[in-house]
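Input: a single structure, listed below in C-alpha cells.
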C-alpha cells in the first residue's frame, strides 16, 4: 500500500508539473526541470534525486512498438496497435493510484478536450497507459469511470482507453516515447514528468504538450498535424502555416513573417474583389444609361 503524499512529495509534484524538456532528442538527466530555482553556489548533486532522473526525451518521428501487449479495462489482452490505425492518439502515461499528478494530467486533458469541436472516437482517441506494473484492469476501469464523469461528450467512452501492461511492455513503450520516471523510496511513490503526447494513427510520436494545463489551440493543432489534415478545417491549415511547434515549450508560437504574408495576400484579395465589384457595377450602370440615351 502506497503512503499518502507528504510535504516533500507535494513540493516535488509542483515542480514536476511546470517542468519542460530540452529541445529535440536532448535529455534532461543531470539537470532539474524548469521552474526549480537553484540557490547561488548550489551544486547539481544537491538537487533532489528524482528531479535529476525524470523528464521527457522528445523522440519526434519515432514509431512506438505497437506489437507490445496491453490489457484493456475488461482484462482483454491485445497488442497496442489495436488502438491505432484510424485516428490520431493522445497518449498519456499515468498510474492509477497516483495521489496527485496523474489525476491532474487526466483532468487537464479532459478540460482541454471539452472545448474542442473535434469529437473523441471520431476525430481522435485517448489512450492512458499505466507505468505501474501493479495496476490492474479494475483500477483502469475505475479511472476511466472518473474520467467519463468529468468529460461527458458523446463518444467519449468509445474514444478513451485506460490500459495496463506487464513490466517488459511498460519498459519498451516508455523508453520509445522518451518518458523517464523513477520510484522514489522516500515517498513510496513514482516521480514522473507531466504531459501528453500526440501520436499519429500509424504510431509515430508527433507533439509533446507539457504540464497539467493544455491549451485547446495547441492540442487541436497537434491533432490536425498528426492526422495530416484529415481532421479539422481549412482554418486549421491556415493556422498551422502561421503557428510553429516549439519543442522547448511544447506549445505553438506565432510566426510573425508568415502571418504578415497571409495578411498581405488577404489584403490583395480583398482589394481585387472590391475593384471587380466596382467595375461590374460601373459597367452595369453605364449600360443602363446608354439604353436611356438611345
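The values are calculated or read from the model by the stated rules, or taken from the named source; none is laboratory data. On a predicted model such as this, the values are computed, not experimentally measured, just so you know. Neighbour counts run over all protein chains shown; Cβ positions are idealised from the backbone, glycine included.
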Failed item in (1) touching a strand residue (DSSP E or B) at 6+ places or on another chain (Cβ under 7 Å); (2) assigned to a helix (DSSP H, G or I), with residue 110 passing the rest
(1)
Please note which strands (runs of 3 or more DSSP E) are completely contained in the range 32-106 and include at least 1 residues that are in the same structural domain as residue 162 (by TED's automatic domain parsing), at pLDDT 95 or above and over 30 Å from residue 138 (Cα atoms).
none
Among 262, 268, 224, which is the only one that is more than 19 Å from residue 59 (Cβ to Cβ), part of a helix (DSSP H, G or I) and at pLDDT 90 or above?
224
Checking 289, 237 in turn, the sole residue that is surrounded by fewer than 16 Cβ atoms within 10 Å (Cβ to Cβ), assigned to a helix (DSSP H, G or I) and modelled with pLDDT of 65 or more turns out to be 237
Would a scan of the range 172-193 turn up a residue that is touching a helix residue (DSSP H, G or I) at 6+ places or on another chain (Cβ under 7 Å), part of a strand (DSSP E or B) and surrounded by 20 or more Cβ atoms within 10 Å (Cβ to Cβ)?
yes
Residue 162 vs. criteria touching a strand residue (DSSP E or B) at 6+ places or on another chain (Cβ under 6 Å) and part of a loop (DSSP other than H, G, I, E, B)
no
